[in-house]
Each structure stands twice: as structure tokens, then as C-alpha cells.
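Trainee: Quick one: this structure, given as C-alpha cells, is what I'll be asking you about.
The values are calculated or read from the model by the stated rules, or taken from the named source; none is laboratory data. These figures come from a predicted structure and were not determined experimentally. Because the Cβ atoms are built from the backbone with ideal geometry, glycine has one as well, and the counts that use them run over all protein chains shown.
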Amino acid sequence: MNVRAELRPRGQVSSVLIVDDHPLYCDALAAAIPVVFPNCVVEQTASLKDALKRLETGFRPDLVMFDLKLPDVSGISGFITMRDRLKTVPILVISALSSSELVRTLMAEGAAGFLPKETSAQELRRVIARVGAGGKYLPKAYAERIARDEGGGRAEPEHPTLSALTPQQQKIMKLICAGKANKQIAYELSLAEATVKAHITGLLNRLGVKNRTQAAVLVKSTMGGETGDPEARAFLSG
């Protein structure tokens with residue numbers, strides 16, 4: 001069977017923006033795209049700043065392939081900036097960073113998919129086709145792990161401990177308990193507000209609650225005076 005015919009999606013992608021600072025990997029991505037989308041215009045930028053500048057010229061990609069670790073930004077905040085700028089354009093995240101928590105947060109924040117950098121060329125082409133057609137993509141191992149965790153396959157403690165949070169999430173949780181808004185938290189910790197929102201999404205997932213209020217109630221309820229959780233008391237008083 002012809003490779004192009006097998007991979008061609010129902011939707012057509014005529015332009016792709018690659019945001020990655022590794023030339024060899026960028027070239028590999030750029031070479032894979034025309035196999036799936038013939039005559040597609042492929043633009044490459046090596047930083048978030050350059051990508052935003054390119055968008056300011058009027059270039060409107062049908063698909064973005066975005067590396068999380070760039071010279072001017074690292075982590076989910078760069079993705080969120082690009083997502084907010086492009087609104088409905090699908091963004092396929094490509095990264096060597098691959099924790100389950102990171103992938104879960106990315107998908108919750110609207111990523112079209114997550115692609116580990118060690119993905120084979122053949123699988124890469126299939127992923128591009130699926131995402132370009134409006135689908136979502138997660139490597140099988142991640143999809144199964146996330147489904148298992150969300151479906152209750154993982155035994156969770158009745159009261160998740162604060163040690164489940166990362167150091168940055170703990171700082172943010174403490175400020176949430178103090179009644180601080182996202183904007184105030186961002187200012188006090190010298191973070192972008194989008195980064196704060198991403199951390200809050202992560203800590204809500206880890207604590208197994210749906211919103212900031214539930215998180216604060218959970219943490220404060222574990223104090224419970226003399227019989228409460230000493231970890232929670234130390235956390236809030238520290």
C-alpha cells in the first residue's frame with residue numbers, strides 16, 4: 001500500500017509550525033510532514049519568542065509541534081502561552097520530559113497529544129496524520145497508565161499527604177490556603193500566571209480534588225488540632 005495513501009487523514013493540513021531548538025530533530029520532523037501532507041508549508045523556529053514573532057507576521061499554522069524545553073522557556077508555561085495565542089489550533093507537544101503527571105496535565109490543558117522524542121519515524125508520521133485530522137494522541141503506555149489512575153486502579157490514601165506535591169506546588173498550596181488569588185501567587189513567586197495555573201491543575205490532580213476551595217479544605221481539615229496530621233500543621237505554619 002502506498003505510504004502517503006495509508007497515512008493521509010480526512011482533514012488537510014496546509015501549514016505547520018515547528019518550535020524546537022534542536023536542528024537535527026527539527027529537520028526530521030520537517031521531513032516527515034510532507035509524507036503525510038504533500039505541499040504543506042513548514043516553518044521552523046527555535047524559541048517561544050521567535051514563534052510568537054512569526055505568528056505576528058500573519059502566519060496561521062494548521063498544526064503546531066511544540067517542544068517543552070526551549071532556550072527561553074521550559075515546562076508547561078510555554079505550551080499554555082502558545083495555546084492561548086492560537087486558541088483552536090491543535091498543538092502536539094514533543095519532549096524528552098515524560099512524567100505521567102506532566103502528560104496528564106498537558107492533556108487536561110488542551111494539548112492535542114504528547115510525543116516522546118524517541119518515537120520512531122514511522123510512528124511519527126501516523127501521529128501527525130491523526131492529530132492533523134483532529135484526533136488526539138498519547139503513547140499507549142501513558143494512555144493506559146492515566147486511564148488506570150483515573151479509573152481507580154491505583155489505590156489512593158483516604159487523605160492524600162502534602163508530600164505528594166512538588167516543592168513548587170507546596171508553595172502555591174500554602175498561598176492558596178492563605179487566600180491568595182492566582183495573580184498574587186504569580187507575583188509573590190515570580191512566576192507567570194499561566195505557570196501558576198498549570199501547577200494548580202497538577203496539585204489538584206495529586207490531591208484528588210476538583211478546585212482550589214476543595215484543596216484548601218482538605219489541607220486544613222487534616223490539621224484537626226492535637227490529633228491532626230502534623231505534616232499539615234507544619235506545612236501551614238511554616
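Trainee: Determine whether Val89 is buried (at least 19 other Cβ atoms within 10 Å of the Cβ), at pLDDT 85 or above and either outside any helix (DSSP H, G or I) or aromatic (Phe, Trp, Tyr) (or both).
Mentor: Values: buried (at least 19 other Cβ atoms within 10 Å of the Cβ): no; at pLDDT 85 or above: yes; either outside any helix (DSSP H, G or I) or aromatic (Phe, Trp, Tyr) (or both): yes.
It is false that Val89 is buried (at least 19 other Cβ atoms within 10 Å of the Cβ), at pLDDT 85 or above and either outside any helix (DSSP H, G or I) or aromatic (Phe, Trp, Tyr) (or both).
Trainee: Right, next: Would you point out the residue of segment 45-68, among those that are surrounded by fewer than 19 Cβ atoms within 10 Å (Cβ to Cβ) and touching an Asp or Glu at 6+ places or on another chain (Cβ under 8 Å), that is nearest to Lys87 (Cα to Cα)?
Mentor: Looking at residues that are surrounded by fewer than 19 Cβ atoms within 10 Å (Cβ to Cβ) and touching an Asp or Glu at 6+ places or on another chain (Cβ under 8 Å), I get Phe59.
Trainee: Quick check on segment 187-204. Is at least one of its residues more than 20 Å from Ser74 (Cα to Cα) and either in contact with a strand residue (DSSP E or B) (Cβ under 7 Å, 6 or more places away or on another chain) or at pLDDT below 85 (or both)? Before the answer, list the steps.
Mentor: Applying the first criterion (more than 20 Å from Ser74 (Cα to Cα)) to segment 187-204 yields 204.
Keeping just the survivors that are either in contact with a strand residue (DSSP E or B) (Cβ under 7 Å, 6 or more places away or on another chain) or at pLDDT below 85 (or both) gives 204.
Yes, segment 187-204 contains a residue that is more than 20 Å from Ser74 (Cα to Cα) and either in contact with a strand residue (DSSP E or B) (Cβ under 7 Å, 6 or more places away or on another chain) or at pLDDT below 85 (or both).
Trainee: Just to verify a result, which residue in segment 73-84, among those that are of a type outside the set (A, V, I, L, M) and either modelled with pLDDT of 90 or more or in a helix (DSSP H, G or I) (or both), is farthest from the chain's Cα centre (by Cα)?
Mentor: Let us first name the residues in segment 73-84 that are of a type outside the set (A, V, I, L, M), namely 74-75, 77-79, 81, 83-84.
Okay, now just the ones that are also either modelled with pLDDT of 90 or more or in a helix (DSSP H, G or I) (or both), so 77-79, 81, 83-84.
Numbers: Ser77: 8, Gly78: 9, Phe79: 7, Thr81: 11, Arg83: 10, Asp84: 13 Å.
Checking each candidate, the answer is Asp84.
Trainee: Which residue out of Val16, Val41 is crowded, with 17+ Cβ neighbours inside 10 Å and either in contact (Cβ under 8 Å) with a residue 12 or more places away in the chain or in contact with a His (Cβ under 8 Å, 6 or more places away or on another chain) (or both)?
Mentor: Every option except Val16 fails the conditions.
Trainee: Which one is modelled with the highest pLDDT among residues in segment 131-160 that are surrounded by fewer than 11 Cβ atoms within 10 Å (Cβ to Cβ) and among the small types (Gly, Ala, Ser)? Give the derivation first.
Mentor: Initially, segment 131-160 is screened for residues surrounded by fewer than 11 Cβ atoms within 10 Å (Cβ to Cβ), giving 140, 151-155, 157-158.
Keeping just the survivors that are among the small types (Gly, Ala, Ser) gives 151-153, 155.
Values: Gly151: 61, Gly152: 54, Gly153: 50, Ala155: 41.
Of everything passing the filter in segment 131-160, Gly151 is modelled with the highest pLDDT.
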